[in-house]
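Novice: Attaching a single structure in structure tokens format; questions to follow.
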Amino acid sequence: MRNIIILTALSLGATTALAQPAGAPAEPAATAAPAAPALSVGATVYHTSGEAVGTIKAIGANGVVVSTGSNEVTIPAASFGAGANGPVLAATKADIDAAAGAANAQRTAAVGQLVVAGAPVKGAAGNVVGTIKARDGDFAVLTTPRGEVRLPLTSFAVINNALSIGMTAAEFDAAVATATQATRPGG
């Protein structure tokens with residue numbers, strides 16, 4: 001399951017204006033601050049209509065990871081409001097799943113365009129971990145210092161117009177070494 005970041009705009013706060021007597025100087029409108037939502041791992045997230053949207057899986061600096069059961073998406077904490085049953089969003093489960101599907105299709109298309117022979121593949125720290133040797137259906141064959149490695153296209157992301165994987169070069173080398181050891185007879 002891919003974690004897709006979805007940016008949403010949501011305003012659950014209310015603004016009220018104070019009535020002014022005729023001829024009185026205008027005073028600034030008072031803004032009622034919305035209650036802060038209780039965001040905690042395991043909490044159910046609801047749509048403003050009361051429909052369950054998903055469950056909070058993690059909370060981090062990049063936002064709140066919500067699992068809809070079909071997708072895991074990262075949503076900015078500011079997008080949540082406080083509801084009677086827990087945190088609420090203006091987006092339904094169907095809205096979130098549709099946005100995640102669209103984002104995944106865009107990512108897949110972007111990766112597909114860059115998986116060509118000779119293209120460098122960078123690790124999480126920006127170092128090149130290998131180069132694309134060939135595309136094999138839904139897989140790419142990489143040439144690395146440890147030999148050839150076959151990875152599913154879903155392993156790649158496009159960062160700064162370049163193919164990237166979510167591991168540092170050292171982590172990738174260790175994973176390749178472990179996989180190579182496991183595939184050897186007696187390994």
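The values are calculated or read from the model by the stated rules, or taken from the named source; none is laboratory data. The structure displayed is predicted, hence computed values, not measured ones. Every residue, glycine among them, receives a Cβ derived from its backbone with ideal geometry; neighbour counts consider all protein chains shown.
Novice: List pairs: first residue in the stretch 24-51 and more than 18 Å from residue 83 (Cβ to Cβ), second residue at pLDDT below 85 and aliphatic (A, V, I, L, M) anywhere in the structure, Cβ distance under 7 angstrom, at least six positions apart or on different chains.
Specialist: 27/18; 29/17; 29/18; 30/18
Novice: Would you please list the contacts, defined by Cβ atoms under 6 Å and residues six or more apart or on different chains, that run from a residue in the stretch 145-158 that is charged (D, E, K, R) to a residue that is at pLDDT 90 or above?
Specialist: Pairs found: 148/141; 150/139; 150/141.
Novice: Also, quick follow-up: Applying the selection to the stretch 89-136, what residues are among the aliphatic types (A, V, I, L, M) and in contact (Cβ under 8 Å) with a residue 60 or more places away in the chain? Don't jump to the end; show me each part of the working.
Specialist: Taking the stretch 89-136 first, the residues among the aliphatic types (A, V, I, L, M) are 89-91, 94, 96, 98-100, 102-103, 105, 109-111, 114-117, 119, 121, 124-125, 128-129, 132, 134.
Correct list: 89, 90, 91, 96, 99, 100, 103.
Results for (1) modelled with pLDDT under 90; (2) loosely packed, with under 10 Cβ neighbours inside 10 Å, shown as yes or no for each residue.
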{"position": "13", "(1), (2)": "yes, no"}
{"position": "22", "(1), (2)": "yes, yes"}
{"position": "37", "(1), (2)": "yes, no"}
{"position": "76", "(1), (2)": "no, no"}
{"position": "79", "(1), (2)": "no, no"}
{"position": "86", "(1), (2)": "no, no"}
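Novice: Name the residues in the stretch 58-69 that are surrounded by fewer than 17 Cβ atoms within 10 Å (Cβ to Cβ) and either among the basic types (Lys, Arg) or modelled with pLDDT of 95 or more (or both), would you?
Specialist: 58, 59, 69
Novice: Hey, which of the strands (runs of 3 or more DSSP E) in the stretch 80-187, taking only ones fully inside, have at least 3 residues that are more than 30 Å from residue 38 (Cβ to Cβ) and among the polar types (S, T, N, Q)?
Specialist: none
Novice: What are the residues in the stretch 163-178 that are hydrophobic (A, V, I, L, M, F, W, C) and surrounded by 15 or more Cβ atoms within 10 Å (Cβ to Cβ), if any?
Specialist: 163, 165, 167, 169, 172, 176
Novice: While we're on this one: Would you mind telling me which numbered condition in (1) assigned by TED's automatic domain parsing to the domain that holds residue 142; (2) at pLDDT below 95 residue 119 fails?
Specialist: Of everything listed in (1) assigned by TED's automatic domain parsing to the domain that holds residue 142; (2) at pLDDT below 95, residue 119 misses just condition (2).
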